[in-house]
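The values are calculated or read from the model by the stated rules, or taken from the named source; none is laboratory data. Computed from a predicted structure; not experimentally measured. Virtual Cβ from ideal backbone geometry, glycine too; neighbours counted across all protein chains shown.
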Amino acid sequence: MRSFIKILSFCILIIFASGCAEKYSELYNLTPDEWYTQIIADINDRDLESADKHYTSMSSEHVASPMLEQILLILSQAHANEEEYLLANFYLDEYIKRYGDNGPRTEFAQYLKIKANFDSFSQPNRNQKLMQDSVAEIEKFLYIYPNTKYRPLIETMLTKFQLSIFYLDEQIADLYERTGRIESATIYKQKVEESPLMDANLIPPQLPWYRKIFE
């Protein structure tokens with residue numbers, strides 16, 4: 001009986017291994033359409049690690065395939081949906097490198113990069129460098145594309161980043177003052193006073209009670 005169980009277990013193992021090997025072997029030398037279908041299936045299964053690997057294989061086997069352009073944007077959005085913004089921007093940078101033309105394609109990809117940074121900014125009192133870098137990127141974008149159709153969305157993001165920086169400067173000034181660092185407090189108070197938002201009738205961001213304890 002034990003021998004039979006051992007033999008049965010061994011057979012099951014062989015069948016399983018053969019199936020895996022067959023599945024793995026199928027992921028070579030696929031047509032662009034087949035790679036595209038596989039990557040979409042990976043994304044639908046929320047298996048972005050496999051989607052990334054399959055994109056690498058597809059781009060190696062079919063360097064000039066026109067389907068790569070669409071796949072790059074799809075992968076970027078898939079990672080953004082999972083809040084993996086660094087990877088989202090990686091694919092957008094790759095898109096710009098391959099298909100950037102300083103025209104609509106580049107404009108759209110640059111807009112998506114700004115949006116990814118904006119979406120990653122989930123806490124109003126943190127990520128100071130992200131806010132400052134994002135403001136610089138938005139101002140650069142508006143300079144390069146003054147007539148962009150994304151202007152209303154971009155300017156809304158810009159305003160929210162500027163508001164966040166203003167409130168963060170206020171809190172830093174208050175913190176320095178409370179801890180006796182008067183010189184540093186004076187610098188930040190001056191930044192607040194010179195801000196164009198100083199005299200605006202603003203509603204400060206509301207933090208959850210459990211975060212107020214640590215802010």
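Just one of (1) surrounded by fewer than 20 Cβ atoms within 10 Å (Cβ to Cβ); (2) modelled with pLDDT under 95; (3) over 18 Å from ARG98 (Cβ atoms) fails for LEU48. It is (2).
PRO196 fulfils the conditions (1) modelled with pLDDT of 80 or more; (2) in a loop (DSSP other than H, G, I, E, B) except for a single criterion, (1). Only one of these conditions is not met by ARG105: (1) more than 27 Å from TYR36 (Cα to Cα); (2) surrounded by 13 or more Cβ atoms within 10 Å (Cβ to Cβ). Which number is it? With (1) more than 27 Å from TYR36 (Cα to Cα); (2) surrounded by 13 or more Cβ atoms within 10 Å (Cβ to Cβ) applied to ARG105, the lone miss is (1).
Close contacts from the range 78-92, counting a first residue that is closer than 13 Å to ALA51 by Cα and part of a helix (DSSP H, G or I) and a second that is of a type in the set (Asp, Glu) and at pLDDT 95 or above, with Cβ to Cβ under 8 Å and a gap of 6+ residues or different chains, come to LEU87/ASP52. Selection over the range 140-151 of residues that are under 14 Å from PHE118 (Cβ atoms) and surrounded by fewer than 19 Cβ atoms within 10 Å (Cβ to Cβ) gives a count of 1. When THR148 is tested against (1) among the polar types (S, T, N, Q); (2) closer than 19 Å to PRO104 by Cβ; (3) under 21 Å from the mean Cα position of the chain (by Cα), exactly one condition is not met: (3).
Residues that are modelled with pLDDT under 95, touching a Phe, Trp or Tyr at 6+ places or on another chain (Cβ under 6 Å) and over 24 Å from TRP35 (Cα atoms) do not occur anywhere in the range 138-156.
When the range 152-169 is filtered for residues that are of a type in the set (Asp, Glu) and surrounded by 17 or more Cβ atoms within 10 Å (Cβ to Cβ), only ASP169 remains. Among the residues of the range 75-91, none qualifies, meaning not one is closer than 23 Å to TYR143 by Cβ and over 10 Å from the mean Cα position of the chain (by Cα). The residues of the range 170-185 that are surrounded by fewer than 17 Cβ atoms within 10 Å (Cβ to Cβ), closer than 16 Å to GLN128 by Cα and either in contact with a Lys or Arg (Cβ under 8 Å, 6 or more places away or on another chain) or aliphatic (A, V, I, L, M) (or both) amount to a single one, LEU175.
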